[in-house]
Amino acid sequence: MNKPPLLVSACLLGQPVRYDGHGKAMPSPLLFELARRYQLLSICPECQGGLPTPRPAAEISGGDGGDGGDVLDGRARVITQTGQDVSRAFIDGARQALDSAIRHGCRQALLKANSPSCGNRQIHSGRFDQQLQPGSGVTAALLQGHGISVFNENEMDRLLLTKPQP
Ligand code: SF4
């Protein structure tokens, strides 16, 4: 039986692609279970958008409540801790992730929580003050806007309870 495809943040698979040069691998039993059920499609939108690793931390800056959807609409920007506007790279990476999902017929994604690219429920405030606010990262917003269900690593129970969509 063909396994359904699942987009997965590369850092959750242990790949050292985060801004700080490290990964954030999920526990091995969970990774094993995911690989048993799904064809895993590793993505790192920030790398695919052309940003180096390591790289300065970045947050979405758009006044009150700006999130990834606002970045896609040009109403907010992604700014690094050093003040550089990296919105273009974030949007390019998001589009590549969406292209990959469409190409593989992917209906679900498991993405890293709280990331300005991959976060599906919360993102940082844009003030680099460690505070979180409701909202999606740029890639999560683009995928969700195209009907792809996005889960984070704290929602594994929900994902594994969901019947894999072919
Ligand atoms: S959270 Fe997303 S963009 Fe950030 S390192 Fe992980 S895969 Fe790459």
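For region 102-135, how many residues are over 12 Å from the mean Cα position of the chain (by Cα) and within 14 Å of the ligand (Cβ to nearest atom)?
1
Residue under question is Gln144, and the condition is that it be surrounded by fewer than 17 Cβ atoms within 10 Å (Cβ to Cβ), within 16 Å of the ligand (Cβ to nearest atom), closer than 25 Å to Arg55 by Cβ and not basic (Lys, Arg); does it hold?
In short, yes.
Within 26 Å of Glu155 (Cβ to Cβ) and either of a type outside the set (Asp, Glu) or touching a helix residue (DSSP H, G or I) at 6+ places or on another chain (Cβ under 8 Å) (or both): does that describe Val86?
no
Report the residue count in region 22-53 for those that are out of contact with any Lys or Arg (no Cβ under 8 Å at 6 or more places or on another chain) and either part of a loop (DSSP other than H, G, I, E, B) or more than 22 Å from Ile91 (Cα to Cα) (or both).
Number satisfying all stated conditions: 19.
Can you tell me how many residues in region 83-115 are assigned to a helix (DSSP H, G or I) and surrounded by fewer than 14 Cβ atoms within 10 Å (Cβ to Cβ)?
Result for region 83-115: 4.
List pairs: first residue in region 16-45 and touching a residue at least 24 places away in the same chain (Cβ under 8 Å), second residue within 16 Å of the ligand (Cβ to nearest atom) and basic (Lys, Arg) anywhere in the structure, Cβ distance under 6 angstrom, at least six positions apart or on different chains.
Pairs that qualify, where the first residue is touching a residue at least 24 places away in the same chain (Cβ under 8 Å) and the partner is within 16 Å of the ligand (Cβ to nearest atom) and basic (Lys, Arg), are Tyr19/Arg55.
Please specify each residue of region 140-163 satisfying the condition of being over 12 Å from the mean Cα position of the chain (by Cα) and charged (D, E, K, R).
If the condition is that a residue be over 12 Å from the mean Cα position of the chain (by Cα) and charged (D, E, K, R), then Glu155, Asp157, Arg158, Lys163 are the ones that fit.
Go through (1) at pLDDT 95 or above; (2) in contact with a Gly (Cβ under 9 Å, 6 or more places away or on another chain) one by one and return the number of the condition Gln108 breaks.
(2)
Would a scan of region 71-83 turn up a residue that is within 12 Å of the ligand (Cβ to nearest atom), among the β-branched types (Val, Ile, Thr) and more than 23 Å from Leu159 (Cβ to Cβ)?
yes
Could you say whether any residue in region 124-140 is of a type in the set (Phe, Trp, Tyr) and crowded, with 18+ Cβ neighbours inside 10 Å?
So far as region 124-140 goes, no, none of its residues is of a type in the set (Phe, Trp, Tyr) and crowded, with 18+ Cβ neighbours inside 10 Å.
Consider region 1-21. How many of its residues are more than 8 Å from the ligand (Cβ to nearest atom), among the β-branched types (Val, Ile, Thr) and in a loop (DSSP other than H, G, I, E, B)?
The total comes to 0.
Run Gly63 past the list (1) within 11 Å of the ligand (Cβ to nearest atom); (2) at pLDDT below 95; (3) of a type in the set (Gly, Ala, Ser) and report the number of the one that doesn't hold.
Here Gly63 meets the rest and fails (1).
Leu40 fails exactly one of the following numbered conditions: (1) under 15 Å from the mean Cα position of the chain (by Cα); (2) crowded, with 19+ Cβ neighbours inside 10 Å; (3) more than 12 Å from the ligand (Cβ to nearest atom). What is the number of that condition?
Looking at each condition in turn, Leu40 falls short on (2).
The values are calculated or read from the model by the stated rules, or taken from the named source; none is laboratory data. Just so we're clear, the structure is a prediction, and the values are computed from it rather than from any experiment. Positions of Cβ are generated from backbone atoms using ideal geometry, with glycine treated the same way; all protein chains shown enter the neighbour counts.
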